Amino acid sequence: MADKLKDDCFALPPGVNWTPVDDALAKLRETLPVVAEAVQVPVAQATGRILAAPAVATRANPPTANAAVDGYGFHSGAVADGALSLPLVEGRAAAGAPYGAALAPGSALRILTGASLPEGLDTVVLQEDVTLEEGHVQIPAGWRPGANTRPAGEDVAAGASLLPAGHRLRPQDLALLAATGIGVVSVHRPLRVAVLSTGDELVPAGEPAAPHQIYDANRPMLAALLESWGAEVVDLGRAPDNRSEILARLDAGAEADAIVTTGGASAGDEDHISAALREAGSLTHWRIAVKPGRPLALGLWRGTPAFGLPGNPVAAFVTALVFLRPALMQMAGAGWQQPAPTLLPAAFTKRKKAGRREFLRARLGPQGVEVFASEGSGRISGLSWARGLVELPDDAASITAGDLVAYTPFTAYGIA
Ligand SMILES: Nc1nc2c(c(=O)[nH]1)N[C@H]1C(S)=C(S)[C@@H](COP(=O)(O)OP(=O)(O)OC[C@H]3O[C@@H](n4cnc5c(N)ncnc54)[C@H](O)[C@@H]3O)O[C@H]1N2
Ligand code: MOO
């Protein structure tokens, strides 16, 4: 009957077991182990790497009490309150060049920013606030004992916990490790992830293409995503829709820690990825109740986790963020990472059916969260337009402008 046929490429066909998003995520989280071993690397090479052990300060920061400004120092306990005229001793204290003796009570010393405070000096007056006359420093009233000094360890005490295992090191973390005496850190080696595009129609970017051919958009996108998540990419290239060719590439990918493919995840005659995983008896999940991305195929290929992402670039991108990223982060030693969305007012109207979660390309505008004009899964331009995703719940929903919706910026998915 014609009225049973729907013009809806996202309709959930009856009689199929659709796995809810949360169930598929929970299964990945339960089953995927940490596979990246710990290695020792110099701090200067550790940005983007994941700590394999907690980092503990081996030294205080700052290691000694020191001057916060360029000026003149003295001991507050050895002088009266109010304006002072103190004899200036010879020499000075500078960062890296300590004074090397105790300062005589009642005298003043030239001291520069970062210099360790010598014994007998606990207060520094800014050089702009004093005058020098006949070997004396004239200090106006109003100075405070201890002014312009930084106590030892005010930032970090020796032995303090700095960062937990599983933390991904950022440039500023390298400063913290270096400052607290750490030269070498224990980090997980990067995960090696094999990437394969499948489809007879695919041509690499920049090459001549016949009208029936399309450019391989997924592989550069996925390789860049993986790199920004700290993985090393093993490029398996693109395979035609040929079973034995695809099996050979999957075998090559099994040398890596994980395999990511796009295309051939659905149920068509040329959908070899889902068929290969099914025939190997290792397809653990297929058909997720999600839009876009429902033909996501999750399984093992010769013991290596394989993520068969859908071919449509929008579906490949969304499933990479939602399923692949937390899974790889866990395997890499960073722990399961699912960003918590922020509730923000919608600047759109939308009705959705029950039974599947939906992710829309979104960005923030003056009226709230805007969504891309089309939900088409081949509309790659919407990925560049967007700054994040809106996640609509599994249940039916009717959203009108001003309703709160769950928005997650791409930055929370580790994309700059
Ligand atoms: N009978 C059914 N047909 C389809 C279903 C279904 O459940 N039943 N699901 C639809 C959905 S939803 C999606 S998403 C697609 C994904 O299917 P595949 O993973 O098998 O992908 P392909 O058929 O190979 O390709 C889909 C589409 O994407 C283009 N593509 C593929 N690879 C790339 C690439 N590397 N760069 C750019 N574009 C690519 C390809 O040319 C196709 O246009 O299946 C629906 N069909
Ligand atoms: O899941 Mo398929 O998501 O067109 O878009």
Tell me, yes or no, whether segment 217-226 has at least one residue that is touching a Pro at 6+ places or on another chain (Cβ under 6 Å) and not in a helix (DSSP H, G or I).
yes
Expected single match for of a type outside the set (Val, Ile, Thr), assigned to a loop (DSSP other than H, G, I, E, B) and more than 14 Å from ligand 1 (Cβ to nearest atom) among 245, 207, 270, 255 is 255
Any hit, segment 184-203, residues being touching a helix residue (DSSP H, G or I) at 6+ places or on another chain (Cβ under 6 Å), open to solvent by 30 Å² or more (accessible area, probe 1.4 Å), within 16 Å of ligand 1 (Cβ to nearest atom) and not small (Gly, Ala, Ser)
no
Just for segment 254-263: of the residues that are surrounded by fewer than 24 Cβ atoms within 10 Å (Cβ to Cβ) and within 12 Å of residue 302 (Cβ to Cβ), which one is farthest from ligand 2 (Cβ to nearest atom)?
255
Can you tell me which residue among 104, 158 is open to solvent by 30 Å² or more (accessible area, probe 1.4 Å), at pLDDT 95 or above and not assigned by TED's automatic domain parsing to the domain that holds residue 44?
104
Restricting to segment 210-242, give me the number of residues that are open to solvent by less than 50 Å² (accessible area, probe 1.4 Å) and within 9 Å of ligand 1 (Cβ to nearest atom).
7
Subset tally (residues that are open to solvent by 30 Å² or more (accessible area, probe 1.4 Å) and either free of Cβ contacts under 8 Å to residues at least 24 places away in the same chain or in contact with a Phe, Trp or Tyr (Cβ under 6 Å, 6 or more places away or on another chain) (or both)) for segment 388-408:
1
Which pairs turn up if I take residues in segment 334-358 that are closer than 14 Å to residue 22 by Cα and look for partners that are of a type in the set (Val, Ile, Thr) and assigned to a strand (DSSP E or B) with beta carbon separation below 6 Å, at least 6 apart in sequence or on another chain?
339/408; 356/290; 357/290
If residue 319 passes every condition in (1) open to solvent by 10 Å² or more (accessible area, probe 1.4 Å); (2) near ligand 2 (Cβ under 10 Å from one of its atoms) but one, which one does it miss?
(1)
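The values are calculated or read from the model by the stated rules, or taken from the named source; none is laboratory data. For clarity, every value in this text was computed on a predicted model and none was experimentally measured. Glycine also receives a Cβ, built like all others from the backbone with ideal geometry; neighbour counts cover every protein chain displayed. Just so you know, the surface numbers come from the protein's heavy atoms only, side chains and all, with ligands and any DNA or RNA stripped out. Shrake-Rupley method; radii C 1.70, N 1.55, O 1.52, S 1.80 Å.
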